[in-house]
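Peer 1: Once you've had a glance at the structure underneath, I'll fire off some questions.
The values are calculated or read from the model by the stated rules, or taken from the named source; none is laboratory data. The structure presented is a predicted model; accordingly, all values stated were derived computationally and were not measured. Because the Cβ atoms are built from the backbone with ideal geometry, glycine has one as well, and the counts that use them run over all protein chains shown.
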Amino acid sequence: MYRVVTLLVLCVVGSGSSASADGLYFTESVGGTQIKDELGEYIDGGLRLRLSLGWRHRRWAVEGWVAGDIAAQGSHVDDPAGRPYDTAYRPAPTLMTYGLDLKHIRPISDHVEVYLRGSVSRGRTQGVLDGYSGRGLGFGAGVQLEGKVRALGFLAWPLFFTGWGPKVTAAVFVDNGYDFYRLHREGKLSATPAVDAQLTHLTIGFGVGSDF
């Protein structure tokens with residue numbers, strides 16, 4: 001993915017045209033997450049992968065997404081409900097989340113934009129605390145470099161630098177975010193104790209679509 005990001009930066013910087021105002025888009029990003037509160041005692045952080053599909057209208061965008069925060073390894077601990085955890089039989093801990101973002105975007109030049117976003121989401125654990133789930137709220141900010149590139153370049157990167165085929169909007173971006181989750185065993189609000197989680201994450205990614 002980093003090779004794609006580098007190529008897109010080169011193409012966007014060299015692009016003579018800026019993006020339009022409306023359209024459907026897809027993004028993919030990767031980075032790291034730090035986890036605190038009760039969940040942080042079991043999973044202190046890990047690799048973050050995120051996919052999203054969104055729609056932009058002028059300076060606003062709505063984005064549905066799914067993400068995974070994957071720890072490198074498990075640990076021999078018990079969960080709050082007293083169930084034993086054994087790394088020999090369970091996978092590395094993972095927090096899977098999905099949600100909806102509302103983004104407000106502000107252009108600062110022909111090819112550079114900054115944005116703020118708010119999120120509503122839901123998360124579920126696997127491995128350590130397997131089956132704990134609950135709702136989350138979050139916010140974030142980012143900066144993106146965007147422009148028009150040749151669509152055929154996503155099939156073979158040298159085609160980015162030709163005059164062949166139609167153009168699409170492409171972007172590279174850096175995003176910094178915060179999310180808070182309150183997780184309950186089997187997602188039951190009456191189940192105690194609840195497990196709180198504060199997530200801070202930094203990701204880098206790319207997107208492609210008619211506009212974003």
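Peer 1: Out of everything in region 117-128 that is more than 14 Å from the chain's Cα centre (by Cα) and not hydroxyl-bearing (Ser, Thr, Tyr), what residue ends up being surrounded by the fewest Cβ atoms within 10 Å (Cβ to Cβ)?
Peer 2: Gln126
Peer 1: A further question follows. Would you check which residues across region 19-45 are in a strand (DSSP E or B) and either under 26 Å from Val208 (Cα atoms) or out of contact with any strand residue (DSSP E or B) (no Cβ under 8 Å at 6 or more places or on another chain) (or both) and list them?
Peer 2: Within region 19-45, Asp22, Gly23, Leu24, Tyr25, Phe26, Thr27, Glu28, Ser29, Val30, Gly31, Gly32, Thr33 qualify.
Peer 1: Still on this structure, please answer the following. Give me the residue from region 165-185 that is surrounded by fewer than 20 Cβ atoms within 10 Å (Cβ to Cβ) and touching a Phe, Trp or Tyr at 6+ places or on another chain (Cβ under 8 Å) and, out of that set, modelled with the lowest pLDDT.
Peer 2: His184
Peer 1: Would you call Glu146 part of a strand (DSSP E or B), more than 21 Å from Arg182 (Cβ to Cβ) and at pLDDT below 90?
Peer 2: Yes: the conditions hold for Glu146.
Peer 1: Looking at (1) at pLDDT 95 or above; (2) surrounded by fewer than 18 Cβ atoms within 10 Å (Cβ to Cβ), can you tell me which one Thr162 breaks?
Peer 2: So the condition that Thr162 fails would be (1).
Peer 1: Further question on the same structure: Sort out which residues of region 180-212 are of a type in the set (Val, Ile, Thr) and not in a loop (DSSP other than H, G, I, E, B), and write them in order of number.
Peer 2: Matches in region 180-212: Val195, Thr200, Thr203, Ile204, Val208.
Peer 1: When region 111-139 is examined, which residues are found to be aromatic (Phe, Trp, Tyr) and either without any contact (Cβ under 8 Å) to a residue 24 or more places away in the chain or more than 12 Å from Gly187 (Cβ to Cβ) (or both)?
Peer 2: Tyr115, Phe139
Peer 1: Tell me, which residue of region 186-212 that is at pLDDT 90 or above and buried (at least 18 other Cβ atoms within 10 Å of the Cβ) is nearest to Glu113 (Cα to Cα)?
Peer 2: The selected residue is Gly205.
Peer 1: Here are some residues: Arg83, Arg90, Arg58. Which one is surrounded by fewer than 18 Cβ atoms within 10 Å (Cβ to Cβ) and at pLDDT 75 or above?
Peer 2: One residue alone meets the criteria, Arg58.
Peer 1: Given the condition outside any loop (DSSP other than H, G, I, E, B), crowded, with 18+ Cβ neighbours inside 10 Å and at pLDDT 95 or above, answer yes or no: does some residue in region 65-75 qualify?
Peer 2: yes
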